[in-house]
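One structure is given here, and the rest of the page talks about it.
The values are calculated or read from the model by the stated rules, or taken from the named source; none is laboratory data. Nothing here was measured: the structure is a model prediction, and the numbers come from that model. Because the Cβ atoms are built from the backbone with ideal geometry, glycine has one as well, and the counts that use them run over all protein chains shown.
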Amino acid sequence: MIRSMTGFGAGRGEAAGEALTVELRSVNGKFCEVKPRLPRELSSLETELVKTVKARLHRGVVDVFVRRETASVRGLLPQVDLALAAAYAKALRELKSELGLEGEPSIRDLAQLQGVISLGETAADPAAMGTALQAALLLALQALEEMRKREGEALARDLLARLDTIEKGARSIAALAPRQVEAARERLNARIVELTRGIELDPARLAQEVALIADRTDVAEELTRLASHLEQARGLVSSDLPAGRKLEFLVQEVNREINTIGSKSQHAAIAAQVVDLKAELERVREQIQNVE
């Protein structure tokens, strides 16, 4: 069954103390466009991320949000700024010398000075982050695909119902088509009687004119092609393969056949059916914009 291009999915991955969360949001798009948003320390993983997403999705604009979870207390370690500590020690000795004070700066004195010792995150492990990102991304993709599949099933039901409506209208036109030839014959005969004022008309000539009208108004070929296009569209809607672009092409062809039927027909009931078919086809076109 077809899949929608809209959906959401999230996943979380861990590896060697690194934990990442990934959120995916996809909307309609002509092609597959991936827009990743990663923390600066994960920027080197962007290319592989985009490649993974495009391997699973064929159409749609996909926003990818990656977040590196805040380090826990276990991930925070004291960090010593030796250069700053040395500068502080030098400054204290100069202060001692200038003011004639006694004693030396102790470790405790230096450790209490701002910036000498601070808590900071451990350096990121690229391999661990890559593993965690891949795990989280795969989970998010799975959730996104499941949602797109559910949306696609609803789309398929709606599209199949609308295709049935169009087919029903085409059958009505096929039933009405023979009548327009007879109606044209009657109109032509009445017009000739009016113009000739009782002068006898060659029946062969009248038959020839009626045959020409029948040929110009014959829509059998268009109805046959229309039925073929509708059958192909049903097959695509029921297929598991990406079908959005092919369905867009078929809708154009169906529209072409309906327009031709409308231009050929001279029957009011057929003209009304053509208007209804075009309105229904426009709804089909709108729905197909959501199909992957």
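Checking each residue in the range 267-276 for being in contact (Cβ under 8 Å) with a residue 60 or more places away in the chain and closer than 14 Å to A177 by Cβ picks out H267, A269, I270, Q273, V274.
Take the residues in the range 267-289 that are at pLDDT below 90 and in a helix (DSSP H, G or I), then tell me which one is surrounded by the most Cβ atoms within 10 Å (Cβ to Cβ).
I270
Where strands (runs of 3 or more DSSP E) sit wholly within the range 5-109, those with at least 3 residues that are over 30 Å from Q289 (Cα atoms) occupy 7-15, 18-27, 76-80. The number of residues in the range 243-266 being crowded, with 18+ Cβ neighbours inside 10 Å and either in contact (Cβ under 8 Å) with a residue 60 or more places away in the chain or within 30 Å of A55 (Cα to Cα) (or both) comes to 8.
Residue-by-condition table, conditions (1) touching a helix residue (DSSP H, G or I) at 6+ places or on another chain (Cβ under 6 Å); (2) surrounded by fewer than 11 Cβ atoms within 10 Å (Cβ to Cβ); (3) within 30 Å of G152 (Cα to Cα); (4) modelled with pLDDT under 85:
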{"residue": "R37", "(1), (2), (3), (4)": "no, no, yes, no"}
{"residue": "R40", "(1), (2), (3), (4)": "no, yes, no, yes"}
{"residue": "T47", "(1), (2), (3), (4)": "no, yes, yes, no"}
{"residue": "V61", "(1), (2), (3), (4)": "no, no, yes, no"}
{"residue": "F65", "(1), (2), (3), (4)": "no, no, yes, no"}
{"residue": "A71", "(1), (2), (3), (4)": "no, no, no, yes"}
{"residue": "L76", "(1), (2), (3), (4)": "no, no, no, yes"}
{"residue": "L82", "(1), (2), (3), (4)": "no, yes, no, no"}
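This table checks each residue for (1) surrounded by 12 or more Cβ atoms within 10 Å (Cβ to Cβ); (2) part of a helix (DSSP H, G or I); (3) touching a Cys at 6+ places or on another chain (Cβ under 6 Å); (4) at pLDDT below 65.
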{"residue": "A177", "(1), (2), (3), (4)": "yes, yes, no, no"}
{"residue": "V181", "(1), (2), (3), (4)": "yes, yes, no, yes"}
{"residue": "L206", "(1), (2), (3), (4)": "yes, yes, no, yes"}
{"residue": "V210", "(1), (2), (3), (4)": "yes, yes, no, yes"}
{"residue": "L223", "(1), (2), (3), (4)": "yes, yes, no, no"}
{"residue": "A227", "(1), (2), (3), (4)": "yes, yes, no, no"}
{"residue": "L236", "(1), (2), (3), (4)": "yes, yes, no, no"}
{"residue": "D240", "(1), (2), (3), (4)": "no, no, no, no"}
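Spot the failing condition for R162; the list is (1) of a type in the set (D, E, K, R); (2) at pLDDT 90 or above; (3) farther than 22 Å from E253 by Cα, and only one is missed. Only one criterion is unmet by R162, namely (3).
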